[in-house]
Amino acid sequence: MKSADWLLKGGLVATGAGCSRMDVAVAGGRVTEVGPDLDVEARELLNLNGAYLLPGFVDVHTHPVYLDDLGGLSVTAAHGGVTTVIHFAYAKPGQGLVQVIDEFLDQGRAGSVLDFGLHGGLFDPQRQAEEIPVAVERGVTSFKMFMTYAKLGWMTDDYQLMRTLDIIASVGGLAMVHAESGLATDYLEDKYQALGRDSADAFLATRPGILEAEAVNRAAAMAEVAGCSLYIPHVSAREAAQAVARLRRGGQRVYGETCPQYLTLTGEEIARQGPLAKIGPPLRGVEDQRVLWRALAAGDLDVIASDHAPKSKTREDEFFDAPYGSPQVETMPAVIYDEGVGGGWITLPRMVQLLCENPAKIFGLYPKKGALAVGSDADLVVWDPQAERTIAHATQHSLAPYTLYEGRNVLGGPVLVMQRGEIVVRDEELVASPGRGEFLPTQAGAAELNELQPKGAA
């Protein structure tokens, strides 16, 4: 008889290919067998009694530079069922890219309870882009730039964007861009403030969806000239989602991501919650949500990620002075399951693709991560589809002083989270220690678009 550290029996195993009742054996931190009625002698037996067994979620869009550091962010992520995170290592003007990457590596190895990768964030690509080849040698192969936030001094102009895309392409990396037409939105902000319009109302008018789409198209045109793979994070507008779909159908390697806030909340939250709901790009309308859900179901968008950016702000702050961002990583899986699967927008296998398999494939971590297959890391989530919970800030683990989902009831959630064969969270209690997380070098941007499609999609 074969032996194992763990035998998880009687679960409904969900992968991107479908759901089936299977047992899973784990030994040495990896999945060693998957099959019905396994005959395995295990040190620990866990009877799942029909609960779902999912791959650990992979969140490729997190910001551990605000209220949650690399350690704290990993804790709040783990409580939601996330087992792998890829953080943005933001090199602000005056900082060196490699210097910041090395600092993040040290902090993550010392404090993270989860395995983690890194993206390079370029706030000053004119001076930082030359370090990209060294960053790639460090295992960081994806690099973000901003086409907006000129007033903050963060915007990359077209010259430097084209130059940096060229450098990224030369080392086989992946470019990521925050796609909004920054100078146009800054003009609109100045215009509406001069007219004395209410800040929250003016905010939505300053960042229309068509200017998000314009930036997507402009970045894609330059990426095509450079021969560079392109990733568009936080797609929020129907026009932007349609632009991504058109580019992909034309044969360009453009990956698309959206976030739970754009799928479940609208701009009406700004009137209710004020600066707490100020994010960039902004929350939009019901029709935008419908288009985003359909794009996810059809395979025109590939990834759901959190854009977790917990910042200190209150409802009483002056709106245009308040920072962008909100906490999302812990609530993301339950909200997406409740709204997406429960609401009939996507199937559970498609949710596994969007939250596990596709992000791992795009960033070169699959099948080590994002999979529930023999040889994969034993990153597992036991998911109770009948668990009823009410989201409240008081029960969240982020240091953010609020959640945008306060009082929302969700059906379904994690009851056990395991990484590399070790339990991280059980019955909503953290049992892992800081510093157990390992750094994951990435190989971003090589996934073919047809690898990311829903099963049966054209």
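Computed values, structure above
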{"read-out": "Selected residue (only one of Ile270, Ile232 is over 22 Å from Gly120 (Cα atoms) and of a type outside the set (D, E, K, R))", "value": "Ile270"}
{"read-out": "Subset tally (residues that are part of a strand (DSSP E or B) and buried (at least 21 other Cβ atoms within 10 Å of the Cβ)) for segment 10-21", "value": "4"}
{"read-out": "Verdict on Glu287 being of a type in the set (D, E, K, R), in a helix (DSSP H, G or I) and surrounded by 23 or more Cβ atoms within 10 Å (Cβ to Cβ)", "value": "no"}
{"read-out": "Where Thr266 falls short, out of the listed (1) more than 21 Å from Ala297 (Cβ to Cβ); (2) in a loop (DSSP other than H, G, I, E, B)", "value": "(1)"}
{"read-out": "Any pair with Cβ under 6 angstrom, 6 or more apart, that starts in segment 308-329 at a residue that is buried (at least 18 other Cβ atoms within 10 Å of the Cβ) and ends at one that is basic (Lys, Arg)", "value": "Ala322/Lys278; Ala322/Lys313; Gly325/Lys311"}
{"read-out": "Of the criteria (1) exposed (fewer than 15 other Cβ atoms within 10 Å of the Cβ); (2) farther than 16 Å from Met418 by Cβ, which one Leu45 fails", "value": "(2)"}
{"read-out": "Meets criteria (closer than 30 Å to Pro275 by Cβ, in contact with a helix residue (DSSP H, G or I) (Cβ under 7 Å, 6 or more places away or on another chain) and either among the basic types (Lys, Arg) or outside any strand (DSSP E or B) (or both)) for Tyr405", "value": "yes"}
{"read-out": "Matching residues, segment 302-327, being out of contact with any Leu (no Cβ under 7 Å at 6 or more places or on another chain) and aliphatic (A, V, I, L, M)", "value": "Ala305, Ala309, Ala322"}
{"read-out": "Leu296, sole failed condition from (1) touching a His at 6+ places or on another chain (Cβ under 8 Å); (2) assigned to a helix (DSSP H, G or I)", "value": "(1)"}
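Quick grid of which residues meet (1) surrounded by 23 or more Cβ atoms within 10 Å (Cβ to Cβ); (2) closer than 30 Å to Met176 by Cβ:
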{"position": "Phe363", "(1), (2)": "yes, yes"}
{"position": "Gly375", "(1), (2)": "no, yes"}
{"position": "Val382", "(1), (2)": "no, no"}
{"position": "Gln386", "(1), (2)": "no, no"}
{"position": "Arg408", "(1), (2)": "no, yes"}
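We did not get these values from a lab; they are worked out from the coordinates using the rules stated. The shown structure was predicted, so the numbers you read here are calculated from the model rather than taken from an experiment. No Cβ is skipped: glycine too gets one built from the backbone with ideal geometry, and neighbour counts run over all protein chains shown.
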